[in-house]
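The values are calculated or read from the model by the stated rules, or taken from the named source; none is laboratory data. Source: prediction; values computed, not measured. Because the Cβ atoms are built from the backbone with ideal geometry, glycine has one as well, and the counts that use them run over all protein chains shown.
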Amino acid sequence: MRQLGLSSKTISPELRKFALTLHFYSPNAYDYVRNIFNKSLPHPSTIRKWYATVDGRPGLTSESLRAIKIKVQEFQESGKQLIGGLMLDEMCIKENVHWTGSRYQGFIDYGPGSINEMDNLPYAKDALVIMVVAYNAHWKIAVGYYLINGLSAEEKANIIRTCLSQLHSTGILIKSLTFDGASSNIAMAKVLGANIHYPYLQSSFDHPETNEKVHLILDPCHMLKLCRNTLGDWGLLLDNEGQQIKWSYFNALVNIQNKTGLHLATKIRSQHINYTKEKMRVRLAVQTFSNSVADAIEYCMNDLKLPEFQGAEATIKFCRLMNNIFDVLNTRNFLSKNTYNKPINENNKQSIIQFMNEGIMYIEKLKCVEIRSNNEVTIKLLLQSNRRTGFEGLILCLKSLTHLTYDIINGGYLKFILSYKFSQDHLEMLFSAIRSKGGFNNNPTVTQFEAAYKALLVHAEIKSNRSANCLAQDNTSILKISSLKKKSLTEDQDVVLDLLCAAGSQHILEDEDELLTVYQNSNYIKDVVGYIAGFVVRSILKRIQCEVCAKEIKSHETNSLLLNKKNRGGLTMANADVVSICQVAERTVREYSKKSNHTSIDNLVLKSISMLCIDKYFLNLTNHFMDQEPLNNHLIQMIRLILKTFITIRIHHINTTSNEIDKRVRRLFTKLIHFQHQ
């Protein structure tokens with residue numbers, strides 16, 4: 001930004017990067033910034049000239065290959081080898097033909113020398129995009145795309161071989177190939193020389209130029225979705241001991257959370273159970289098979305001893321294993337405290353490889369119950385069923401990661417492996433950027449796709465539409481008002497008066513156990529309130545300046561069984577008095593949220609205060625409170641702060657859950673439009 005006030009014919013790389021990115025986000029914003037800084041940014045025509053340096057036509061992109069070659073040379077100068085992985089995926093596009101003045105855009109196109117000059121070519125329905133992600137550098141780049149209307153396995157395999165050969169000429173060492181579980185991709189792997197099907201699993205194939213192993217990775221996110229779909233659709237699986245893994249436990253967990261209005265520190269909702277309209281959303285599958293869900297089911301089974309959760313041991317084990325397997329296949333943070341989230345290195349590789357082998361053995365022994373047309377019930381291995389792809393894919397990923405560990409770390413190429421580098425998320429983010437360029441139109445034509453592809457190669461992110469209903473005719477600006485909130489002079493006095501009035505109220509409840517006995521699952525509610533109270537303490541500690549009060553509201557132990565189960569050393573435990581105050585607030589929220597949806601938080605705080613006998617709280621600080629003003633001491637301020645923080649959390653939660661839709665159709669309709677190529 002320092003260069004924006006300077007006039008110079010030379011544009012620095014930083015300013016060029018800023019200009020390209022801003023122009024991609026919004027040409028309107030670019031014009032505004034350019035005018036504000038006295039035309040210091042390049043003219044939009046200059047940016048168009050930069051884009052023109054990239055061909056951007058279907059096929060392998062020569063500019064991308066040259067860029068990779070430059071990076072390889074930089075590594076070689078420092079005595080290192082650049083290593084990367086290849087990935088491919090298809091993106092739906094709109095069927096549309098456009099004449100540019102020199103050629104037609106919209107028909108299938110495999111690049112230079114292809115059949116694009118023939119008559120009666122079919123319309124392109126998808127763009128097959130190929131990307132390279134560097135293992136030992138912080139970049140990724142699309143190296144080509146093909147406009148297709150369906151490809152055979154042999155054609156895809158030929159494209160991969162050609163791409164590997166071209167990349168070999170740049171000097172980069174390709175060690176993996178990532179794709180999703182589409183049947184054509186699985187057939188392509190077999191043509192290349194690999195096999196993902198059990199028991200003939202072969203997780204790699206030979207590089208066409210070097211004969212070194214290229215390891216296959218089936219996108220872990222896609223595989224986890226397929227595993228979730230299998231369990232959710234069938235409802236029952238069996239582990240190696242014959243114990244039942246049941247989908248009904250996940251359903252029961254959501255039901256009890258919805259019934260009580262409190263969640264057991266999980267992200268699973270009705271949306272996760274009714275996933276059939278949103279099968280493509282990774283988040284729903286990952287959050288279902290998580291440690292937090294396993295902890296919640298175990299809590300309901302062992303601590304609450306609810307009958308609908310009895311016998312869930314096998315389901316809990318399955319859930320934890322899927323969570324840990326996904327963590328191993330998604331490592332990207334050196335600072336993670338989770339054993340399975342840490343990058344694989346020389347220190348932990350043996351333990352991680354042992355876990356991966358145990359995970360493979362567990363999946364191999366999973367069984368399913370199959371009911372035939374004559375009502376005959378048979379039990380067979382899950383890997384022999386017609387829903388085996390997700391589980392086979394996880395086995396393939398674990399085997400490939402094991403071989404990559406030996407190949408890369410033992411081979412001396414790298415000291416660690418970040419398995420997130422193998423994820424197809426990198427391609428999905430590219431697709432998201434391409435779709436975003438069209439504004440509300442997230443199904444681009446070939447022309448729009450090619451333009452976005454070129455701009456992203458040059459360097460950019462997102463672009464919005466320039467069109468508008470009208471243009472400004474003068475310089476009239478909107479009148480501004482102060483954004484500072486006026487503080488009422490009587491706010492604190494009103495609180496004090498309400499506290500004084502509460503001293504003689506008939507609604508004071510001396511025993512907080514009475515607060516929740518009217519509700520079913522009172523132990524459930526108490527434990528969740530105790531968990532939330534810990535978060536309340538953590539929040540208000542940032543605002544309390546008195547060290548004496550801050551020390552008092554914390555505790556080293558808790559009666560919340562949920563908090564004890566969830567705590568792995570990082571959670572805050574609340575003092576018993578804080579928990580008691582939060583229980584009163586929970587009672588208030590439940591009573592008044594049923595009567596009206598328009599009750600303000602301050603009113604709920606005052607209603608809660610009217611049910612408290614403030615003299616019974618924080619007795620250890622009596623002498624500390626005596627040194628302060630009687631009508632506005634730390635006791636009054638602390639109780640009000642605890643109540644307001646807790647009630648704010650609960651009101652936001654109630655509002656969020658009230659807006660949840662059990663069966664969503666928006667994403668389904670969006671995908672239907674994409675798949676119709678309209």
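Table for the structure above
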read-out: Those helices (runs of 4 or more DSSP H) lying entirely in region 235-342 with at least 3 residues surrounded by fewer than 20 Cβ atoms within 10 Å (Cβ to Cβ) and among the polar types (S, T, N, Q); value: 248-260
read-out: Strands (runs of 3 or more DSSP E) lying entirely in region 116-223 (those with 1 or more residues that are aliphatic (A, V, I, L, M)); value: 126-134, 140-148, 173-179, 213-218
read-out: Some residue of region 74-95 being surrounded by fewer than 12 Cβ atoms within 10 Å (Cβ to Cβ), polar (S, T, N, Q) and touching a residue at least 24 places away in the same chain (Cβ under 8 Å); value: no
read-out: Hits in region 49-68 - residues which are of a type in the set (D, E, K, R) and closer than 22 Å to TYR104 by Cβ; value: ASP55, ARG57
read-out: Residue match in region 172-182 (condition: of a type outside the set (A, V, I, L, M, F, W, C), modelled with pLDDT of 95 or more and out of contact with any Asp or Glu (no Cβ under 9 Å at 6 or more places or on another chain)); value: yes
read-out: Within region 22-54, considering residues that are in a loop (DSSP other than H, G, I, E, B) and in contact (Cβ under 8 Å) with a residue 40 or more places away in the chain, the one farthest from THR445 (Cα to Cα); value: THR53
read-out: Residue within region 589-606 that is among the hydroxyl-bearing types (Ser, Thr, Tyr), in contact with a helix residue (DSSP H, G or I) (Cβ under 6 Å, 6 or more places away or on another chain) and free of Cβ contacts under 8 Å to residues at least 12 places away in the same chain present; value: yes
read-out: Residue tally, condition assigned to a loop (DSSP other than H, G, I, E, B) and either closer than 16 Å to THR178 by Cβ or aromatic (Phe, Trp, Tyr) (or both), over region 396-442; value: 5
read-out: Region 351-381 - residue that is in a strand (DSSP E or B) and touching an Asp or Glu at 6+ places or on another chain (Cβ under 7 Å) and, of those, farthest from THR405 (Cα to Cα); value: THR378
read-out: Residues being surrounded by fewer than 19 Cβ atoms within 10 Å (Cβ to Cβ), over 18 Å from GLY393 (Cα atoms) and polar (S, T, N, Q) - total across region 154-213; value: 7
read-out: Filter pass, ILE639 being among the β-branched types (Val, Ile, Thr), modelled with pLDDT of 90 or more and surrounded by 21 or more Cβ atoms within 10 Å (Cβ to Cβ); value: no
